[in-house]
Amino acid sequence: MNAPIRPGAGLSLKPDYFQAARDCRAGGLWFEVHPENYMVDGGPRLAWLDAIAERHPLSLHGVAMSLAAPAPPDARHLRRFRKLVERVDPMLVSEHLAWSATGGHYYPDLLPFPRSDEALAVIADNIARVQDSLGRRIAIENPTHYLPVPGHRYTEQAFLAELCERSGCGLLLDINNVFISAHNLCFDAQRYLLDFPLSAVMEIHLAGHSVDAPDQAEDTGETLLIDSHDQPVADPVWELYRAVIERAGPVPTLIERDGNIPSFDVLLAERARAQALLERLESMP
Amino acid sequence: MTALAGFQRDFLRNLYDADGGRAGVRVYRNTLLKACVDALQANFPTVARLVGEPWFRAAALVYARTSPPNDPRLYLYGDGFADFLAGFEPAAGLPYLAGVARLDRGWSEAHVAADRSCLAAALVAEQTPDALAARVLSPHPAARWHWFDDQPVFTLWSANREQRAVPEPLHWRGEGALLTRPGAEVRWQALGVAGVFFLNACAEGLPLAAAAERALKHKPGTDLATLLATLLKAGAFAAEPLPHCH
């Protein structure tokens, strides 16, 4: 055994490269999936996930728990989530600080909310329900912002720290989200990260983004960045990452890629860059 | 209503009941609708191939705006898409499109259905005729079958699904289809009207003799032994312990 045991840099798992992913022996490699895609009764999809989980650490990154909705998580969805956790025994489970369900409908996006006392109480309670049901601590991801929401009583960092305090959850720091939000809402990403509760961070996400093509008829002069996950990680995001891990230490880091997917080798090369940065930290005294 | 619930309601109204708005609102609206349209395109690839991507995405957007998903498992999204296409005016010249969508849906359901061994032909062959007549055969969890009156839906669907040219001349007559998952992957084949009614009867829990009667009623002169052999070979039935195995 020459591969390090500790999970280093991971990749999103896509059907496009299941076999290459399963067979890859790169040290510290792990994979992340959206559990919703694997909440199936049977068939080849689940068989592939089992095959990956046999050889690599796996992280379940939920997109649909709708923690910031003023209602408890959907019981059937939570049951399916638990079943999958029991099946693949993931190294990490995470969800988003957002909402996506209400009134019996599911809206496939991560929608914003005012960080109020009410939201804090609701979300802390929802996280606790999920953790109780899954029997494990989960990590909560900071969202991407596209417009200012009125009614915030907390900064995002303070809100996340308070959620950790109340529910015992951990955090998933998405540095690309911070970069995009800083651009879209005009704040300083470096300063934001200085106040981020790094001691609770269980995982880091890196991803690429794109520039919103402004609609000429509606153009309001705003040019937004979009969390499209269809590009390589941008250089300024790498710079922020380097600074974060120097303070936080070697946290498992995912290169997220969901669109415009290149060959597995190309992704592996991008992932090697994060792995090298993490290994350099580990070799330091 | 709490402040948080009120915020959600207003936010959704802004996304669904209005156009335009600030750039940020449009990003949320576009992201949400794009995810729905992407899911429909993934779930109905044969429909998309038949009509072309631009037409498909425009139609899917109309559907997505009025029928948001009701389940986070987006591979299930589009439960009502075939019915929508059947009543979608721009698709009036393509009367087979709804049927093609039903077979795409059947493929998706077969793909994610529970794992179960298929009933082996040899086990059935060992039965005495009387025992066989009284036996109830359960369709395999992954088996899906459809009959389409007057339209060559299976020919159109299978040719496009396999990325082949549609055979010419195309015969405008009723066709049936059977989708199964005997191994890791979903497979399909044409199925006559007798087979479709036979499987319907099996799914209702009728014993084999009654299912055979049903098949003969719809297609007199059906060779039942050949039909049963075909269905067994395709993996249409789930394995169960036979009575004499107890």
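The values are calculated or read from the model by the stated rules, or taken from the named source; none is laboratory data. The structure displayed is predicted, hence computed values, not measured ones. Note that each Cβ is placed from the backbone with ideal geometry, even for glycine, and that neighbours are counted across all protein chains shown.
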Does segment B:36-52 contain any residue that is closer than 25 Å to residue A:37 by Cα, more than 8 Å from every other protein chain (Cβ to nearest Cβ) and in a loop (DSSP other than H, G, I, E, B)? yes
So how many residues does segment A:8-50 have that are touching a Lys or Arg at 6+ places or on another chain (Cβ under 9 Å), in a loop (DSSP other than H, G, I, E, B) and under 16 Å from residue A:83 (Cα atoms)? 4
Can you tell me which residue is surrounded by the fewest Cβ atoms within 10 Å (Cβ to Cβ) among those in segment A:230-245 that are touching a helix residue (DSSP H, G or I) at 6+ places or on another chain (Cβ under 8 Å), farther than 23 Å from residue A:91 by Cα and of a type outside the set (A, V, I, L, M, F, W, C)? A:242
The listed residue being away from every other protein chain (no Cβ under 14 Å) and either more than 14 Å from residue A:274 (Cα to Cα) or touching a helix residue (DSSP H, G or I) at 6+ places or on another chain (Cβ under 7 Å) (or both), out of A:223, A:253: A:253
From the residues in segment A:70-94 that are touching a helix residue (DSSP H, G or I) at 6+ places or on another chain (Cβ under 7 Å) and within 13 Å of another protein chain (Cβ to nearest Cβ), which one is surrounded by the fewest Cβ atoms within 10 Å (Cβ to Cβ)? A:78
Residues in segment B:73-92: is at least one crowded, with 21+ Cβ neighbours inside 10 Å, touching a strand residue (DSSP E or B) at 6+ places or on another chain (Cβ under 9 Å) and at pLDDT 95 or above? yes
Residue that is nearest to the other protein chains (Cβ to nearest Cβ) [pool: residues in segment B:109-147 that are among the acidic types (Asp, Glu) and outside any helix (DSSP H, G or I)]: B:115
Spot the failing condition for residue A:48; the list is (1) surrounded by fewer than 16 Cβ atoms within 10 Å (Cβ to Cβ); (2) over 20 Å from the mean Cα position of the chain (by Cα), and only one is missed. (1)
Going through (1) surrounded by fewer than 18 Cβ atoms within 10 Å (Cβ to Cβ); (2) within 13 Å of chain B (Cβ to nearest Cβ); (3) in contact with a helix residue (DSSP H, G or I) (Cβ under 6 Å, 6 or more places away or on another chain) one by one, residue A:108 fails only at (1)
